[in-house]
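Everything below concerns the one structure shown next.
The values are calculated or read from the model by the stated rules, or taken from the named source; none is laboratory data. From a predicted model like this one, the values you see are computed outputs, not experimental measurements. As a convention, Cβ positions derive from the backbone with ideal geometry for all residues, glycine included, and neighbour counts pool all protein chains shown. Only protein heavy atoms, including side chains, enter the accessible area calculation; ligands, DNA and RNA are left aside. Shrake-Rupley method; radii C 1.70, N 1.55, O 1.52, S 1.80 Å.
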Amino acid sequence: MYLREDATGFRPDSIALALHPGLQQAVTAFAQHHAVSVSAILLGAWALLVSRWSGNDTPLLGYISAGRH
């Protein structure tokens, strides 16, 4: 395994976000109706937002998956 020191000083952070209960229920119902996870809906929404902000029709996004269904 190759270990290296972080030369950039970058430290990732996170932001907690609470959805309005009505919006949370709507997103969950939409996901269930289309047989996908809420995570997939949110990732798709993020991709759409990044696409519109950047002006790029095909933004490249990545995510980590545990491989569970």
Next item on the list: Kindly establish whether ALA35 is part of a loop (DSSP other than H, G, I, E, B) and modelled with pLDDT of 90 or more.
Entry: yes
Item checked: Boolean, LEU49 is modelled with pLDDT of 90 or more, open to solvent by 80 Å² or more (accessible area, probe 1.4 Å) and at negative phi -> no
Check: Out of the residues in the range 13-40 that are of a type in the set (S, T, N, Q) and open to solvent by 90 Å² or more (accessible area, probe 1.4 Å), which is nearest to the chain's Cα centre (by Cα)?
Finding: SER14
Check: Considering the range 55-69 alone, what residues qualify as being free of Cβ contacts under 8 Å to residues at least 12 places away in the same chain and surrounded by 10 or more Cβ atoms within 10 Å (Cβ to Cβ)?
Finding: ASN56
